Amino acid sequence: MFSLKIVSRFSSMVPNCHTAACNGFATANQIRLFSVASLKESYGNILVDVQKANDKDNKSIALITLNRPRALNALNDALFGDLLHATHLLDKDKDVRCIVLTGSTKAFAAGADISEMKDKTYEECMAVDMFAEWQQISKLKTPIVAAVAGFCLGGGCELAMMCDIIVCSKSAKFGQPEINLGVIAGAGGTQRLTKRIGKAKSMYMNLTGEFMNAEEAFMSGLVAKVFDNETLVEEALKIAKNIAAKGALSVQAAKEAVNAAEDLPLQEGLRLERRLFHALFATDDQKEGMAAFLEKRPANFK
């Protein structure tokens, strides 16, 4: 739930909203109707908590918790519609500097909702370009930290890989078991996973449907840190607060440059990196950061 202060800041932007999404029933296909509007006081399938990153300024971080516990957070249209709605609006708020996305202790997300997909036809899947809108998560400017505990399978694993950093608990299990359903991964499980852990392990996971535990995920480069089950979210929030303390433009530039490394040839990537580096010399944060370093004091980034 939001504090009243956080809700009112967003709700003042749009006085009335009567779409299905604003009444708590947004689907992924409806999200395109939204411009910057207002976060809901509550969502049907996620919990959103916006909190101060520090006591000195207005910088904030957001914790989003997937909340379909009986279905092990299976990703249906309603849940993803809620997630797209909330992340889109948080991304537009200049004070929100980092987002943490988590699930329950049993499951980050056990996959896409099979009951919602089982009767779909080829024509239906093609007509809506099924799962294309999920990719909006990877296009946000605001950094996202996925905090994974328990099952992180199929669409859940793909969602985690859309985030910028994955941390997990010792109970985490990653997998792309779609092959057991007579299909393959459809939201990045053959592409992002291969770029993260290499062809050999990705091929093994996609062809066998077997899971990868937290230790192997860390050793393979899929996750950045492994924490105890009890401290996972706390540690993820610490990472978010650390990121929030940096300069917003340099954080965005770093995210853009690192993501480009997956797609660009080396020389083009190096050229982009240099241009982003040069551009940051036009910012107040560059002046503040370097001055603070020379003066041996903490930087006060905007």
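The values are calculated or read from the model by the stated rules, or taken from the named source; none is laboratory data. Quantities reported herein were computed from a predicted structural model and do not represent experimental measurements. For neighbour counting, all protein chains shown are included, and Cβ atoms are generated from backbone atoms with ideal geometry for every residue, glycine included. We work out accessible area using only protein heavy atoms, side chains counted, and drop any ligands, DNA or RNA first. Shrake-Rupley method; radii C 1.70, N 1.55, O 1.52, S 1.80 Å.
Some observations on this one:
- Some residue of the range 82-92 being open to solvent by less than 10 Å² (accessible area, probe 1.4 Å), in contact with a helix residue (DSSP H, G or I) (Cβ under 8 Å, 6 or more places away or on another chain) and farther than 13 Å from residue 48 by Cα: no
- Any hit, the range 236-247, residues being open to solvent by 10 Å² or more (accessible area, probe 1.4 Å), in contact with a Cys (Cβ under 7 Å, 6 or more places away or on another chain), in a helix (DSSP H, G or I) and closer than 26 Å to residue 97 by Cβ: yes
- Residues in the range 211-222 that are more than 16 Å from residue 194 (Cβ to Cβ) and touching a helix residue (DSSP H, G or I) at 6+ places or on another chain (Cβ under 6 Å): 0 in all.
- In the set (1) of a type in the set (A, V, I, L, M, F, W, C); (2) open to solvent by 20 Å² or more (accessible area, probe 1.4 Å); (3) farther than 22 Å from residue 61 by Cα; (4) not in a loop (DSSP other than H, G, I, E, B), residue 183 fails one condition alone, (4).
- Tabulated pairs, the range 168-193, first closer than 11 Å to residue 154 by Cβ and free of Cβ contacts under 8 Å to residues at least 24 places away in the same chain, second open to solvent by 20 Å² or more (accessible area, probe 1.4 Å) and among the polar types (S, T, N, Q), C-beta under 9 angstrom, 6+ apart or interchain: 184/190; 184/206
- All positions within the range 214-247 that are of a type in the set (Gly, Ala, Ser) and within 30 Å of residue 283 (Cβ to Cβ): 224, 236, 240, 244, 245, 247
- Failed criterion for residue 169 (all others in (1) open to solvent by 10 Å² or more (accessible area, probe 1.4 Å); (2) farther than 22 Å from residue 129 by Cβ hold): (1)
- Considered as a group, the residues in the range 186-214 that are open to solvent by 20 Å² or more (accessible area, probe 1.4 Å) and touching a Lys or Arg at 6+ places or on another chain (Cβ under 8 Å) include one that is farthest from residue 60 (Cα to Cα), and that residue is 211.
- The lone exception for residue 114 - which of (1) of a type in the set (Val, Ile, Thr); (2) farther than 19 Å from residue 232 by Cα; (3) touching a Gly at 6+ places or on another chain (Cβ under 7 Å) it fails: (3)
- Count of residues meeting criterion [under 16 Å from residue 156 (Cα atoms), modelled with pLDDT of 50 or more and either assigned to a helix (DSSP H, G or I) or in contact with a Gly (Cβ under 9 Å, 6 or more places away or on another chain) (or both)] in the range 22-50: 1
- Whichever residue in the range 117-158 is under 23 Å from the mean Cα position of the chain (by Cα), open to solvent by 20 Å² or more (accessible area, probe 1.4 Å) and not hydrophobic (A, V, I, L, M, F, W, C) and, among such residues, is farthest from residue 184 (Cα to Cα): 141
- Residue satisfying condition, being in contact with a helix residue (DSSP H, G or I) (Cβ under 6 Å, 6 or more places away or on another chain), loosely packed, with under 15 Cβ neighbours inside 10 Å and free of Cβ contacts under 8 Å to residues at least 40 places away in the same chain, within set 292, 260: 260
- Of the residues making up the range 51-77, those that are part of a strand (DSSP E or B) and open to solvent by 10 Å² or more (accessible area, probe 1.4 Å) are 51, 52, 63, 65.
- Test result for residue 297, out of contact with any strand residue (DSSP E or B) (no Cβ under 8 Å at 6 or more places or on another chain) and either assigned to a loop (DSSP other than H, G, I, E, B) or among the aliphatic types (A, V, I, L, M) (or both): yes
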